[in-house]
Amino acid sequence: MNWLPTLLILAVAYLAVFLEGWCGLLRYCLGAQIDLLPALMVYASLTNGLASIVLLAFCGGLWFDSLSLNPLGVSVLPLLVTGLLIYHSRELLLRRSVFAQVVLGMMAGAAQPLGTLFLLLNLGRLPLLGWFSLWQWIVLAAGGGALTPLCFQLFDRLHDALAYQPVTPPAFRADREIKRGRL
Amino acid sequence: MLKKSHLIFLLVLVVLALALLKLPGETMGKFKLAVSGLFLPLFGLTGSAHELLGEAREGLTPKRELQRQIDQLQRQAQEQQLLLSQDAAVWAENARLRALVGWPRQTRWKLKLARVISRDPANWWRSLEIDLGARDGLRTNCPVLTAAGLVGRVQGVGQTRSQVVMLGDPNLRVSAVVTNNGEVGVLFANSSMPQEDGMIDLDYLSGNSLVAPGQSVETSGDGGVFPRGIPIGRIVDVRSKDYGLSKEARVKLSVNLGALEEVMVMIP
């Protein structure tokens, strides 16, 4: 198995979670912090195997929760469910279509916070919820939709730069070789 | 369909995630700090970059401007020195009078400066991480403030970092007093507004209290976590609740929680 795509996804998830904690510009401008993990999950589940999905859900979820007041592990299950649902039906999806990527990113961006909130409320935690949460949810969904095609482009470029390129067959064909000799 | 081995793998992961969720609070806190320790190299890198930028900016400031700032700071330091000596006399008098009446002696606040290294990436909590930990004498529930007023309290303590829960988070309720008339209430999160607007609700005020916009609010000292007298903010508006039995006020925080770079932690 080629582990490079999985390692790249995990490295981007690590940086993404760090940036979400460190950079407050979007939160200041929009009133909500955009989450990159659902967009990454859409990419992983459309282009990679089950191991990538599971590792991204587990590591990404734990990293996210470790910087947050969330109970540790609460983001893992919603990410995993999102990834598995897309993985299950990926043969039916036009994964190279930007429109499909945007729609899937929006759906994942909207489903992830809902799943996490569902778990939080069931665990007896009382997160900060109100009318403003609706705006934050819209921002998260729109952010997921906008970031997913960017994820595809980023990983395509990384893949081109780092992975072995497939060997293209040479133009030479033995049956079309012009044999020169004495007439 | 998934293979049997894949299904087992997934089941193990789900059980592991559920087991993590069921960890007791203290263990989970330690585990969290251990996991977030993976980000230490990046936090260190950003800290160094911040310092380098600061040095570069200082290098660009003209000498005349620096001299002007030094003169201004020296003047301020002299004024502060004078105030401090007056303050020391008042403290001594206060301690003597308290001893005469038999009241417990007041202690000075011991403060340590900390840098904010990250904020909560989730939208439904208000917390941040600072670069001080148990090594620096921090403990759970230490109050966190700035020169402008209260920020929150320490929620979890690691060796070198701590998690601070801020005003406006549902996990933090603070007993507060209106300075002008001594009315006591409890500060709650105001979820209908974004955090950057800096509004918070002061609830459980008595129905006949004379609370009005513009009055300042500070910690009451009840509850044992926050000492009395830390400024919190000013009242913006007041409304009656429960058919006039109680009142609720909106308080504009004196600290801009969205733009914190350094905070001070009150060490016991």
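The values are calculated or read from the model by the stated rules, or taken from the named source; none is laboratory data. Note that this is a predicted model, so its numbers are computed, not measured. FYI the Cβ positions are ideal-geometry reconstructions off the backbone, even for glycines, and counts take in every protein chain you see. Side chains included, ligands, DNA and RNA excluded: accessible areas come from the protein's heavy atoms. Shrake-Rupley method; radii C 1.70, N 1.55, O 1.52, S 1.80 Å.
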CD proxy, 222 nm, chain B: helix-only mean residue ellipticity via -39,500 (n - 2.57) per DSSP H run with n ≥ 4, per residue, nearest 500, stands at -11500 deg cm²/dmol
Sorted on mean Cβ neighbours within 10 Å (highest first), peptides B:238-245, B:17-24 come out as B:17-24, B:238-245
Gyration tensor (Cα only) of chain B to equivalent ellipsoid, semi-axes in Å sorted down, yields 37, 30, 20
Note on segment A:1-29: residues buried by at least 20 Å² of accessible area once partner chains are added (vs chain on its own, 1.4 Å probe) come out as A:14, A:18, A:21, A:22, A:27, A:28
Taking max minus min of the Cα coordinates of segment A:1-61 on each principal axis, largest first, gives extents in Å of 42, 17, 15
In units of 2.2 N^0.38 Å, the Cα radius of gyration of segment B:1-97 is 2.27
Regression test value, accessible area per residue of chain B, probe 1.4 Å, units Å², expected 58
Whole-percent carbon and sulfur contribution to the accessible surface of segment B:11-59 (1.4 Å, no ligands, DNA or RNA) stands at 72
Counting other chain Cβ atoms within 10 Å of each Cβ in B:123-136 and taking the mean gives 4
With segment A:4-159 reduced to its Cα atoms and the Debye formula applied, log10 I(q)/I(0) at q = 0.13, 0.19 1/Å amounts to -0.54, -1.21
Once normalised by the length of chain B, the mean sequence separation of its alpha carbon contacts under 8 Å that are 6 or more apart gives a contact order in percent of 15
Cβ-Cβ cut-off under 10 Å around residue A:75, Lys and Arg +1, Asp and Glu -1: the net charge is -2
Rg (one decimal) and Dmax (whole number) from the Cα set of the protein assembly as shown, in Å, equal 28.0, 129
Neighbours of residue B:216 by Cβ distance under 13 Å: Lys/Arg at +1, Asp/Glu at -1, summed charge 0
From the Cα centre of segment B:91-146 to that of segment A:63-90, the distance in Å is 36
In debye to the nearest 20, the charge dipole size for the protein assembly as shown, taken about the Cα centre with +1 at each Lys and Arg Cβ and -1 at each Asp and Glu Cβ, equals 1080
Taking Cα atoms, the helix A:4-22 axis meets the longest principal axis of chain A at an angle in degrees (rounded to 10) of 30
The summed charge of the residue B:121 Cβ neighbourhood (under 10 Å; Lys/Arg +1, Asp/Glu -1) stands at -2
On protein heavy atoms with a 1.4 Å probe, the accessible surface that disappears when B meets A, both sides summed and given to 100 Å², is 4500
Per-residue average of other protein chain Cβ atoms inside 10 Å, peptide B:14-23 -> 5
Each residue of B:32-40 has, on average, a number of other protein chain C-beta atoms within 10 Å of its C-beta equal to 5
Among B:32/B:110; B:110/B:247; B:63/B:252; B:32/B:112; B:22/B:110, the pairs whose Cα-Cα distance exceeds 32 Å are B:110/B:247; B:63/B:252; B:22/B:110
